[in-house]
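Every number here is computed from the coordinates shown, using simple stated rules; none is lab data. Please read all numbers here as calculations on a predicted model, not as lab measurements. Quick reminder, even Gly has a Cβ in these numbers, built from the backbone with ideal geometry, and neighbours come from all protein chains shown.
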C-alpha cells in the first residue's frame, strides 16, 4: 500500500519510513504541511499519517480542507497533543484515528491495518478497466481469462495507469511517481516509452479492444476505445 507520512520530526519520519517499508508499504515523506498538501492533491495514496504541528499549514487545516474537497483517503493523526479537546478536534475535522506520541510501533501497524481494511472497499484492492483486472494484494493481473506476467516495474506502471483510468498521464508524471526521479538531468522519455511498449504488448496482445493508448507529444491514457 502507498502511505503518505506528513511529519516534520526527522527522526520520527525516518523511523516510520523504515518500519512501514519493512512491512512492504511504499512510504512517501513530507516534512512540511505545504508539501504534504501538494502531494495529496497531485498523487494517489491509500493512507495518510498526519502530524498536527507542522511548519506552514498545520495538520487540522490540511485535514479540514481535504475533507471539504471530498477526499475519502483514511487519515491517522500522529501527534504529541494528548488533551481530550485535541482528540475531539482531530476526529471532528475528519480524522479516522488518533495516536499520541510516543507510541508503540506494533500498535501503529495494527491501527493502520484496521484503517486500510475499513477505508478500502474491494474495488480499490482490485483495479479494473474493461476486462483487465489487477489484484493489488496478490499482484496478479488478468485480461479476460488470460493471466499476464509482469515485471515489478511493469506492474507499478500499469497500476499507475489504472489508478488514472481515462486520465491523461504525462511522461513527467511517470518519471516522478513511478520511477521516483523527478530531478533527473536527462529525461526518462526513452526508458518510459520502451516500458510502455512492452506493457502494451502484454496487455493488448490478441485483445479485440486496445486499452493503452499514446497521445502524441503529451503522454498516455488507459481507456476503452481511442482517446
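Cβ crowding within 10 Å ranks 93, 64, 138, 30 as 138, 64, 93, 30, fewest other Cβ atoms first. Against the main long axis of the alpha-carbon atoms of the chain, helix 10-22 sits at an angle near 50°. Here the stretch 140-206 and the stretch 64-133 have alpha carbon centers that stand 28 Å from each other.
Of 178, 100, 194, the residue with the greatest mean-square motion in the GNM of the chain, using alpha carbon springs below 10 Å, is 194. Report the paramagnetic label zone for residue 146: residues of the stretch 161-183 whose backbone N is under 19 Å from a point 7 Å from Cα along the Cα-to-Cβ axis. Under cut-off, by backbone N: 162. For the pair residue 9 and residue 109, label points projected 7 Å from Cα toward Cβ lie 2.0 nm apart. In degrees, nearest 10, range 0 to 90: what is the angle between the Cα axis of helix 33-42 and the longest Cα principal axis of the chain? Helix 33-42 sits at roughly 30 degrees to that axis. For the chain, find the longest principal axis of its Cα atoms and tell me its angle to the long axis of helix 59-68, 0 to 90°, nearest 10. Helix 59-68 sits at roughly 50 degrees to that axis. By other beta-carbon atoms within 10 Å, ranking 220, 105 with the fewest at the front produces 105, 220. Gain on full extension, evaluated as 0.36 nm per residue between residue 131 and residue 58 minus their Cα-Cα distance, stands at 22.0 nm. Rounded to 0.05, the FRET efficiency of the residue 101 and residue 224 pair, given R0 = 41 Å and the Cβ-Cβ distance, is 0.30. Is any residue of the stretch 152-171 close enough, with backbone N under 19 Å, to a label point placed 7 angstrom from the Cα of residue 205 along the Cα-Cβ axis, and if so, which? So the set is 152-159.
Label sites at residue 88 and residue 138, each approximated as a point 7 angstrom past Cα along Cα to Cβ, lie 4.8 nm apart. Considering only 208, 55, 187, the mean-square fluctuation computed in a Gaussian network model of the chain, springs between alpha carbons under 10 angstrom, is largest for 208. Remark: relative contact order (the stretch 14-88) = 28 percent; criterion is Cα-Cα distance under 8 angstrom and separation of 6 or more residues. The modelled label-to-label distance between residue 170 and residue 18, using points 7 Å beyond Cα along the C-beta direction, is 3.7 nm.
Counted over the chain, the DSSP beta bridges are approximately 50% antiparallel.
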